[in-house]
1. On the given criteria, is residue 58 in contact (Cβ under 8 Å) with a residue 24 or more places away in the chain, more than 12 Å from residue 4 (Cα to Cα) and touching a helix residue (DSSP H, G or I) at 6+ places or on another chain (Cβ under 6 Å)?
2. Could you list, in sequence order, all residues of the stretch 40-64 that are within 16 Å of residue 80 (Cβ to Cβ) and touching a strand residue (DSSP E or B) at 6+ places or on another chain (Cβ under 9 Å)?
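Values in this text are rule-based calculations from the coordinates and carry no lab data. Remember, predicted model here, so these are calculated numbers, not experimental data. In this analysis, Cβ positions are derived from the backbone assuming ideal geometry, glycine residues included, and neighbour counts consider all displayed protein chains.
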């Protein structure tokens with residue numbers, strides 16, 4: 001199953017490597033460097049991703065804060 005994914009990690013080499021691997025598998029991958037950036041991008045993308053892969057220990061906003069913000073936004077709450 002081909003998916004649209006959002007990948008969020010502050011490690012740029014890991015982010016690039018995972019994006020490359022997932023893209024080679026046929027997935028569409030959009031990336032963000034931190035969770036605040038991810039929230040901004042997610043709210044502005046025309047099509048929401050089906051899955052968000054994220055590092056829970058992040059600068060700017062941690063994973064728990066991101067998940068709380070995501071639950072408050074009806075459009076984002078349905079994303080796995």
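1. Values: in contact (Cβ under 8 Å) with a residue 24 or more places away in the chain: yes; more than 12 Å from residue 4 (Cα to Cα): yes; touching a helix residue (DSSP H, G or I) at 6+ places or on another chain (Cβ under 6 Å): yes.
For residue 58, the condition - in contact (Cβ under 8 Å) with a residue 24 or more places away in the chain, more than 12 Å from residue 4 (Cα to Cα) and touching a helix residue (DSSP H, G or I) at 6+ places or on another chain (Cβ under 6 Å) - is met.
2. Going through the stretch 40-64, the residues within 16 Å of residue 80 (Cβ to Cβ) turn out to be 42, 45, 47-54, 56, 63.
The answer is 42, 45, 47, 48, 49, 50, 51, 52, 53, 54, 63.
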